[in-house]
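For reference, the structure is listed below as structure tokens.
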Number of protein chains: 2
Amino acid sequence: MQLTRQTEYAIRTLIELVRAPEGVMVNSKAIAEKHNLPEKFLNKTIQILARAGLVETRRGMQGGIRLAVSPDSLKIADVLAAIEGKLALNPCLGGDYHCENQYLCPVRKVLQRTQEAILAELSKETFADLAKGEVTCE
Amino acid sequence: MQLTRQTEYAIRTLIELVRAPEGVMVNSKAIAEKHNLPEKFLNKTIQILARAGLVETRRGMQGGIRLAVSPDSLKIADVLAAIEGKLALNPCLGGDYHCENQYLCPVRKVLQRTQEAILAELSKETFADLAKGEVTCE
DNA sequence: TTAAATAAGATATTATTAATCATATTAGTA
DNA sequence: TACTAATATGATTAATAATATCTTATTTAA
């Protein structure tokens, strides 16, 4: 029960983008080097973020990536959803799962509330806030 | 980011034990069959619970397993810790991880709080409460 | 002594995560 | 136009973790 590395890479990348001057394209290779991330894998991660609409990419010289949303509305919960998909602590909390006892099951209720608590915490701070912080853990 | 199946098996098993008459040894094979769980794998799971002190086992005829703690103090958080180890949403929150920026990193702080929220939710209800509920999801 | 039960360790299988490779596409610039 | 710097994409591999099984051992009551 933990974030995937890819989610962490995405979070770090987005903080870099928030810190960059608004609108400028940031070189993905530079981010990979700065944080010592596998370059190709980071590219793949960026593509996922792009498809989710969180960043914009541009190929060719002077290309790169930049934020496609406001740092004031972007939250870690959004990144988690983009990279790992909708949170489901247990299969019975997934969208397409059918269980007859769903509405009675006490365990499911606890997990449901736990999920809500997770998403609430991960939605409290925006990336604008996070980027103000001193540093980001390696 | 989800519970492992093994954790779910453990939760179900413990609810069975809470529901059983106090003190009697419950047959592990019966639990496996009732919930349609892989028997050997469940045995392994039970061993983990036993080493963590949550259940007692007894071999031989009339053997089986039973609760070794009070249902009033047992929580899902305890089961999670027993099966999956101490919760660490990110390596930087693990016990032996060293990061210079630990105390300044804003992301780490968010994850730290999220973890605390998870453990709080998973500690709200006891197994005594859970076992009272109608049914447990398959 | 036998049958019923868990213990334990080795191994196999499967799924997921992580990373890389090769190639294609795009766009600025000389 | 040709070159170079950038991301895009799909295939593939590697590594890790989760899940499950197999085999053999041990325990205990009858």
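The values are calculated or read from the model by the stated rules, or taken from the named source; none is laboratory data. Keep in mind it's a predicted model, so treat the numbers as computed, not measured. Here the Cβ positions follow ideal geometry from the backbone for every residue, glycine too, while neighbour counts run over all protein chains shown. Just the protein is used for accessible areas: all its heavy atoms, side chains included, with ligands, DNA and RNA removed. Shrake-Rupley method; radii C 1.70, N 1.55, O 1.52, S 1.80 Å.
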(message) With the label 7 angstrom out along Cα to Cβ, how close does A:Cys99 come to the same site in each of the other copies, in nm, nearest first?
(response) 3.2
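Quick check: at a probe of 1.4 Å, how many percent of the accessible area of the protein assembly as shown sits on carbon and sulfur atoms?
48
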(request) Would you kindly give the portion of the calculated P(r) for segment B:1-132 that falls above 26 Å, as a percent of all Cα pairs? (result) 31
(message) So if I place +1 on the C-beta of Lys and Arg and -1 on the C-beta of Asp and Glu, and nothing else carries charge, what would the dipole magnitude of chain B be about its Cα centre? I want it in debye, nearest 20.
(response) 320
(request) Please give the total accessible area that chains A and B bury against each other, computed with a 1.4 Å probe and expressed in Å² to the nearest 100. (result) 3600
(message) How are the alpha carbon pair distances in the protein assembly as shown distributed across 5 Å bins from zero to the largest one, expressed in percent?
(response) 1, 5, 12, 15, 15, 13, 10, 9, 8, 6, 4, 2, 1, 0, 0, 0
(request) Calculate the dipole size of the protein assembly as shown relative to its Cα centre from +1 charges on Lys and Arg beta carbons and -1 charges on Asp and Glu beta carbons; express the result in debye to the nearest 20. (result) 560
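Which links in B:Lys86/B:Lys124; A:Lys132/B:Lys109; A:Lys109/B:Lys124; B:Lys44/B:Lys86; B:Lys40/B:Lys86 stretch past 21 Å when you go from one Cα to the other?
B:Lys40/B:Lys86
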(request) Inverting the mean 1/r over all pairs of different Cα atoms, compute the Kirkwood radius of segment A:8-67 and quote it in Å. (result) 11.2
(request) Taking 7 Å along the Cα-to-C-beta vector as the label spot, tell me the A:Ala68-B:Phe41 distance in nanometres, rounded to one decimal. (result) 3.8
(request) Just grab the label-to-label distance for A:Arg58 and A:Thr4, each label 7 Å out from Cα along the Cβ direction, in nm (one decimal). (result) 3.0
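On average, how much accessible surface per residue is there in segment A:32-80, in Å², for a 1.4 Å probe, leaving out ligands, DNA and RNA? Mind showing how you got there, number by number?
Values: 3030 Å² over 49 residues.
With the other protein chains kept in place, segment A:32-80 gives 62 Å² per residue.
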(request) Could you quickly flag the chain A residue whose beta carbon comes closest to the rotation axis taking A to B, and that distance in whole angstrom? (result) A:Ala117, 2
